[in-house]
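Contents: one structure, followed by commentary.
The values are calculated or read from the model by the stated rules, or taken from the named source; none is laboratory data. What you see is a predicted model, and the numbers here were worked out from it, not measured in a lab. Note: ideal-geometry Cβ built from the backbone for every residue, glycine included; neighbour counts use all protein chains shown.
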Protein chains: 2
Amino acid sequence: MGLTVSGEFDFIDWLRAQQTPSDLVQLGAGDDLAVLRWASEDLLIVGVDQVLDGVHFDSTVHTPRQIGRKVMNRNLSDCAAMACLPAAAVATVALPKGSSIEFAKELYLGLRDAADPFDCAIVGGDTATWTGHLVLTVTILGRSAGVAPITRGRAKVGDGIYVTGPLGGSILGRHMTFEPRVLLGRQLGESGLVTSMIDISDGLSRDLSHICEESRVGAILQESQVPIHDDARKLSERDGVHPLLHALNDGEDHELLFTASSEPNLDASLLQPIRIGTITDGNKMYLDRGGNRLMLIEPRGWEHSL
Amino acid sequence: MGLTVSGEFDFIDWLRAQQTPSDLVQLGAGDDLAVLRWASEDLLIVGVDQVLDGVHFDSTVHTPRQIGRKVMNRNLSDCAAMACLPAAAVATVALPKGSSIEFAKELYLGLRDAADPFDCAIVGGDTATWTGHLVLTVTILGRSAGVAPITRGRAKVGDGIYVTGPLGGSILGRHMTFEPRVLLGRQLGESGLVTSMIDISDGLSRDLSHICEESRVGAILQESQVPIHDDARKLSERDGVHPLLHALNDGEDHELLFTASSEPNLDASLLQPIRIGTITDGNKMYLDRGGNRLMLIEPRGWEHSL
């Protein structure tokens, strides 16, 4: 526990009262651990993500509700990239000393804002206070629910390369407000045409390099096809960096990047993927303009600072 | 990702090379999420715990190996308290900027030191650097493996109250070096006699109050039976607090506290539990000396500072 905020046990009682019933949950938060009934036909897909004050958010600018949403949405976006359904989550919060119970509740409600639309139950957690800055983590448990998880490792030469939306400049605000592409990821998985998938967290160039490395392939992107977000253009006006470079190298878009043997037909109600290139042999990534290799794309890590 | 330590990708390659094969793991760390095959007969028992620099350890005193061990052992101790078998874990590390790759590797090896004896696979994680202090979290997935999880909520009037070892003064060092009572927890679960169980993380008085509240019962502890650790006596010499109060109120012993309808017979090779009292009706906890109520025990939270 370790929480020494005044009103600690009020907060814990409040948390327990927030739990919504779920078929999955035999015993929810409040014991040493939670107990879930995992369906025998479901693969268990698991991972964890953290957000740190000054790196992934700025507690002097962003509300606790936004911060809670972001860390949960990052995990839901990982589920989208695996084509699995979010099922349950546990969270930790390291609160700066002097934080109010109201602040802690808002963090939790932010987690719930993001998780509830997917019936993803928050089944446990740990809250502590310290003299350090705010840290949140969420561990997500997803279930395959009849769709084989899509990895990064099965892109084939000739596959199309697609993204689910315009890229770049998320630092202007979208990095806090993106919507995880869970339903889209499921439909892509169900199509049977998708050979590899990842969500764009580090940036298109870096995340495409992950697919290329794991699949032992190369890639050509068409300069004219890479969708550039208006935020990338706005940012370009400020910093002089070409909008395309923002689209290639900025992180935290959280659109899906995938490869497919042919274009999947998706529900008209969903975002339609945009083809941006083709998987090639070799192990390099190029940007193409009208059939000419314009430049070698270097994987650039996500290094923006707030 | 967000890790910007020089040598980031060397570290990630190193981490991936460390993974040991496991029947459970269909796809290990390195993709968006890991994929596990969960046996249909197993309940999934899940929880998370964090350790913070200056609260749960002191990075100027403790080695990264010790810190890694501690956070994993805290989670394994939760598994012990539920009588489940640790199966898999994911971890996060928030590293202070300027930390060396060697330091990060030692943290990971500490996790492994603790997890490996129980074949608990580390299947994913997230590493980031920031200007803040060191934070580690571990999420543990346990499996019931034929033993019903033991909760805090089924202690009955007349049950004996037991602990698995002497208590108090863990701050002198044992809080970093305790051994999680996983095998003992399993045997207690298998006995069919244990009605409730918890690991002593907040302190005997607080953790017993959790059992009493969840089970809607009271308790009497026998003053002469509460086993006092030598560390509690040493600490008493320094701070003048009675060793018994250290045994009652200090945290992070990580012995098991349980109630049972009669004393379980355990393998002679295991620690033998010590009976310290009896569950009563009502909702209060008393300390008894020779049949007289010596005092009302107040639940005291774990509030030590390093």
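Tabulated data for the structure shown
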{"item": "Check on A:ARG233, out of contact with any strand residue (DSSP E or B) (no Cβ under 7 Å at 6 or more places or on another chain), closer than 22 Å to A:ASN73 by Cα, basic (Lys, Arg) and in a helix (DSSP H, G or I)", "result": "no"}
{"item": "Residues within the range A:159-180 that are in contact with a strand residue (DSSP E or B) (Cβ under 8 Å, 6 or more places away or on another chain) and of a type in the set (Gly, Ala, Ser), tallied", "result": "3"}
{"item": "Count of the range A:214-223 residues which are acidic (Asp, Glu) and either in a strand (DSSP E or B) or crowded, with 22+ Cβ neighbours inside 10 Å (or both)", "result": "0"}
{"item": "Test set (1) at pLDDT 95 or above; (2) in a loop (DSSP other than H, G, I, E, B); (3) not small (Gly, Ala, Ser) - A:THR20 fails condition number", "result": "(1)"}
{"item": "Every residue from the range B:117-139 that is within 23 Å of A:VAL90 (Cα to Cα) and more than 7 Å from chain A (Cβ to nearest Cβ)", "result": "B:PHE118, B:ASP119, B:CYS120, B:ALA121, B:ILE122, B:THR127, B:THR129, B:LEU134, B:LEU136, B:VAL138"}
{"item": "From B:PRO64, B:PRO21, B:PRO86, residue being under 24 Å from the mean Cα position of the chain (by Cα) and away from every other protein chain (no Cβ under 14 Å)", "result": "B:PRO64"}
{"item": "Where a residue in the range A:183-207 is among the basic types (Lys, Arg) and its partner, wherever it lies, is assigned to a strand (DSSP E or B), with Cβ under 9 Å and at least six apart", "result": "A:ARG186/A:LEU85"}
{"item": "Residue satisfying all of: in the range A:1-11; outside any loop (DSSP other than H, G, I, E, B) and modelled with pLDDT under 80; farthest from B:ASN75 (Cα to Cα) among these", "result": "A:ASP10"}
{"item": "Yes/no for A:GLN50 being modelled with pLDDT of 95 or more, polar (S, T, N, Q) and not assigned by TED's automatic domain parsing to the domain that holds A:THR164", "result": "yes"}
{"item": "Selection status of B:VAL135, over 25 Å from A:GLU41 (Cβ atoms), crowded, with 24+ Cβ neighbours inside 10 Å and outside the structural domain of B:GLU255 (by TED's automatic domain parsing)", "result": "yes"}
{"item": "Entirely in the range B:104-213, the strands (runs of 3 or more DSSP E) that have 3 or more residues that are touching a Gly at 6+ places or on another chain (Cβ under 6 Å)", "result": "B:121-130"}
{"item": "Pick from the range B:30-44, criterion among the aliphatic types (A, V, I, L, M) and at the interface with chain A (Cβ under 7 Å from one of its Cβ atoms), ranking: farthest from B:VAL147 (Cα to Cα)", "result": "B:LEU33"}
{"item": "Of the criteria (1) assigned by TED's automatic domain parsing to the domain that holds B:SER269; (2) in contact with a strand residue (DSSP E or B) (Cβ under 6 Å, 6 or more places away or on another chain), which one B:LEU183 fails", "result": "(2)"}
{"item": "Hits in the range B:23-75 (condition: assigned to a strand (DSSP E or B), of a type in the set (Gly, Ala, Ser) and in contact with a helix residue (DSSP H, G or I) (Cβ under 9 Å, 6 or more places away or on another chain))", "result": "B:ALA29, B:GLY47"}
{"item": "Qualifying residue in the range B:157-165 (condition: under 24 Å from B:SER209 (Cβ atoms), at pLDDT 95 or above and within 9 Å of chain A (Cβ to nearest Cβ))", "result": "no"}
{"item": "Candidates A:VAL35, A:VAL71, A:VAL51, filtered to the one that is under 29 Å from B:GLY251 (Cα atoms), touching a residue at least 60 places away in the same chain (Cβ under 8 Å), touching a Leu at 6+ places or on another chain (Cβ under 6 Å) and crowded, with 16+ Cβ neighbours inside 10 Å", "result": "A:VAL51"}
{"item": "Count of the range B:227-285 residues which are surrounded by 20 or more Cβ atoms within 10 Å (Cβ to Cβ) and of a type in the set (Val, Ile, Thr)", "result": "3"}
{"item": "Residue check for A:GLY98: within 9 Å of chain B (Cβ to nearest Cβ), out of contact with any strand residue (DSSP E or B) (no Cβ under 6 Å at 6 or more places or on another chain) and not in a helix (DSSP H, G or I)", "result": "no"}
{"item": "Yes/no for A:SER191 being farther than 18 Å from A:GLY165 by Cα and in contact with a Pro (Cβ under 8 Å, 6 or more places away or on another chain)", "result": "yes"}
{"item": "Complete set of residues in the range A:196-227 that are small (Gly, Ala, Ser) and either in contact with a Cys (Cβ under 9 Å, 6 or more places away or on another chain) or more than 21 Å from A:LEU294 (Cα to Cα) (or both)", "result": "A:SER196, A:SER201, A:SER215, A:GLY218, A:ALA219"}
